[in-house]
Every structure is written in C-alpha cells, then in structure tokens.
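Notes to accompany the following structure.
The values are calculated or read from the model by the stated rules, or taken from the named source; none is laboratory data. Because the structure is predicted, anything quoted here is derived from the model rather than measured. Positions of Cβ are backbone-derived with ideal geometry, glycine not excepted, and every protein chain shown enters the neighbour counts.
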Amino acid sequence: MVSIWQGVGIALKSGAAMPLSDAACRGAKPADSLKKLSDGGGLQLWVQPSGAKLWRLAYRFGGKQKLLAIGPYPLVSLSDARQTRDEAKRALLAGQDPSEVKRATIAAAKAGPTFKDIAEEYLAKQRRAKRAERTLEKLEWLLGLAYAELGRRPLDSIKAADIFPVLHEVELRGKHETARRLRSTIGAVFRYAISTGRGEADPTMALKGSLTAPTVTPRAAVTEPKKLGGLLRAIDGFDGQPTTHAALKLMAVLFPRPGELRAAEWAEFDFEKAEWTIPASRAKMRRPHRMPLPPQAVAILEDLRRFTGRGTLLFPSVRTVLRPISENTLNAALRRLGYAQDEVTSHGFRATASTLLNECGLWHADAIERQLAHVEGNAVRRAYARGEHWDERVRMMAWWADYLDGLRVAPA
C-alpha cells in the first residue's frame, strides 16, 4: 500500500516496521555496518558503526531521491524529528524542496535580523513611549507598504537602490506625501538599528531629493467674519447626531485639534474651574495642554453630558462606546451642511480662530499660539518663553465665544 505522500515525494512501503519509540532509539546498538531504523514517512534513525545516531529524512523532489539531515539523537529527540518530518511534508505540498528551505533558513539566521524584525521592535519602542494611537496606526500602515519588498530581507543587505522602487511605486499613484513619509519611516527603522548596534548606515539619506515634493495645500477654512456667521448658523441648524452637533459647536468655540476633541474623555474636564486638560498621551506635542472653557463651551458640554455623560468618551462611536467617532465624522457633517472640502474642514476652525484673533489686535500673539498648543520654532526663544499666558487666554476665550455669538445673530 502506498500513502498519499508518494505524490509529493515520501512513500510508505507496505509491511514497513512499526514506528520507533524512545526506548528503541536509546537501545539501538551499532553493527559492523550502517543500520537504518525506520519511523515511517521517510524518517530514519541511522546508527553508525561508531555508535553515533543521526536522523535522516528520505524523500523525492523533482523526480529525484533526496536526503535531509535533521540532526543527532538524542540532541534531536524523536518528537522533534517527527515535527521536522511533518514540516518537510508541508513544504513538499507547497512545491518546495525541504533541503532548500533548510539552507535558506540557516542563511537568514546568519545574515542577522530582517527589516521587519527591526521595524516591529521600533514600533514596540514607540508604544512604550506612549505615542498617540493614531500615530502608531499610521506608522504600522506605512511600514506595511514596505514589508512586501523589504520585510523578509536582512536589514544589513538593503541598499538605497532597493528602497527607491518601493517609494516610487507609491509616488506613481500620486501619493507624494505618503512616499515622503514612507522614506522617513524606513529611515527611522534603520536609525533605530544603528542605535542598537545592528546597523551601519541609513540608506534613505541617499534618497533625499529623489522624490517629487508634495504640494502643500492649506486646510480649507473660513476667515471672513460674514461667512463665519453663516457657517455658525448652519451648524446651529444641523439635524444629525447630537454628539456630532456638539462636536462641531465645540470646534468653533475652542478650536482644538480635531483628533484631541474626538477622543476627549469626561475625566479631563473640571467644570468647577472651567478647564479642559488634554493629557500628554493624547496631545500632539506630547505634553499636557490646559484650555480655559468659556461659559458657552460649558453649556454645550453640560447639554452633551445628558447623552454620553455615563460613559468615558464625550463622543463615542455609534457602533461601540469603547471607541470615539471616526476621523471623517466632522468633515462629513460639514459636507452635509453644504460646505465643500475646499471651503471648510474641521481642522480649519483652528486657522479661522488664529486669523481672526490675530487680526483683531486685542491679544498677544504668544497667548494665541499657546491656546493653539503650538510649539515655538526657535529653540532659544522656546527655552525662555515657557509661560502659559493663562489669565490672558481666559479673557481671550471668553471674548472669542462672545464674538462668535455676535456673528451668529448679527453677521458683519
């Protein structure tokens, strides 16, 4: 009788010996010539005249009889040898030569860690650093674009010429900014490898200037008072989800980063002090950001608390209270109100406030920048300008909320 394994290269003969046992392997005595003990499926224990015992797997591949060296017994146990035999069968079914698979595995081990090995360590490091979940998701997505071509390759074998086609493929799809970010992220993996003693150079440095520079398009925003009044009245008439309605109104009054508002938690709000503290773990600049709440914002929050106050999140998803509303929820709501993508975006409320607060001439530019949670670009000035301008920001936010009320009822 011949087993199905004959078709993939391993034949079992009728009348073959019973499978081996550990006792039989241990008790096997050498003879004057090589003795072969069969366990079935092509697995054999070769007992040398010297007393050495070696596992071998006989199989056929490409019409030729071949032999796979598994290792010495008892260093390689009977169960381990059987596991190797089963893995070889799976390789044969997949059309692979077990001997070639073994050689490739040994070569990869000698070559050192792969790009994916180091990339996953780099991601783990970013998680330990408590990077924002959205940032981690973007990093994982970007690295996923590189894994198909670079993932299994030993990191120290990858050159600039190997990376460029990966970036160019993304660029050809018109994703110039994505290609730029992908180059930066791949470079970060190489620099991490260098810092941990497993890399010598960052090949992405040679690719600077090789990609098409992305066209920077400012996020659409309303910066004319009359048009802003119309937008505010449109938001007041929004008839969608109450949570989305509240989020749009808070974006106008507080102008936070949309992601920081979407993931806001009730525990971050102190209603007695009229303050919202965004923790460092969620803030883009990785430091806590305290924001004064004008009476209008407190009223919006108090109304929202009737809907979501029993949970953790201010704006839970309609699918699960464990996750906030999606990134596109607010922009989609603005589209429903009749505003095109090149007219208004949720992030554009920040540009709206920055423009009009600066133009009114009532507030110090540093107070406006601090309210926007921007970081001073000049390192020397940043070292000295550490104040929060809190008192001025409290007055400014109250003025801004009143100013919006005025535009809403009496457009300029």
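Tabulated results
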item: Filtered residue count, region 148-196, keeping only those that are under 21 Å from Pro113 (Cα atoms), polar (S, T, N, Q) and part of a helix (DSSP H, G or I); result: 4
item: Filtered residues of region 36-50 (kept if exposed (fewer than 13 other Cβ atoms within 10 Å of the Cβ) and assigned to a loop (DSSP other than H, G, I, E, B)); result: Pro49, Ser50
item: Of the criteria (1) under 17 Å from Pro19 (Cβ atoms); (2) at pLDDT below 95, which one Arg56 fails; result: (2)
item: Selection count where residues are of a type in the set (Asp, Glu) and surrounded by 15 or more Cβ atoms within 10 Å (Cβ to Cβ), scope region 116-141; result: 3
item: Some residue of region 236-258 being touching a residue at least 60 places away in the same chain (Cβ under 8 Å), surrounded by 15 or more Cβ atoms within 10 Å (Cβ to Cβ) and basic (Lys, Arg); result: yes
item: Qualifying position, being surrounded by 17 or more Cβ atoms within 10 Å (Cβ to Cβ) and under 30 Å from Leu356 (Cα atoms), among Val189, Val222, Val166; result: Val222
item: Selection within region 95-115 - surrounded by 15 or more Cβ atoms within 10 Å (Cβ to Cβ), of a type outside the set (Val, Ile, Thr) and at pLDDT 80 or above; result: Asp97, Pro98, Ser99, Lys102, Pro113, Phe115
item: Selection within region 224-245 - within 24 Å of Arg370 (Cα to Cα) and either part of a helix (DSSP H, G or I) or in contact with a Leu (Cβ under 7 Å, 6 or more places away or on another chain) (or both); result: Pro225, Leu228
item: Members of region 287-312 found to be surrounded by fewer than 14 Cβ atoms within 10 Å (Cβ to Cβ), among the basic types (Lys, Arg) and under 30 Å from the mean Cα position of the chain (by Cα), listed by number; result: Arg287
item: Pairs, first surrounded by 10 or more Cβ atoms within 10 Å (Cβ to Cβ) in region 23-35, second among the hydroxyl-bearing types (Ser, Thr, Tyr) and assigned to a loop (DSSP other than H, G, I, E, B), C-beta under 7 Å, six or more apart; result: Pro30/Ser50
item: Subset of region 266-317 [β-branched (Val, Ile, Thr) and more than 19 Å from Lys249 (Cα to Cα)]; result: Thr312
item: Qualifying residue in region 94-111 (condition: without any contact (Cβ under 8 Å) to a residue 40 or more places away in the chain, over 13 Å from the mean Cα position of the chain (by Cα), assigned to a helix (DSSP H, G or I) and under 30 Å from Arg282 (Cα atoms)); result: no
item: Matching residues in region 67-87 - criterion: being hydrophobic (A, V, I, L, M, F, W, C) and either out of contact with any strand residue (DSSP E or B) (no Cβ under 9 Å at 6 or more places or on another chain) or touching a residue at least 60 places away in the same chain (Cβ under 8 Å) (or both); result: Leu75
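A quick yes/no check of all residues on (1) within 44 Å of the chain's Cα centre (by Cα); (2) among the hydrophobic types (A, V, I, L, M, F, W, C); (3) in the same structural domain as Ile106 (by TED's automatic domain parsing); (4) modelled with pLDDT of 95 or more:
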site: Ala11; (1), (2), (3), (4): no, yes, yes, no
site: Ala24; (1), (2), (3), (4): no, yes, yes, no
site: Lys64; (1), (2), (3), (4): no, no, yes, no
site: Arg90; (1), (2), (3), (4): yes, no, yes, no
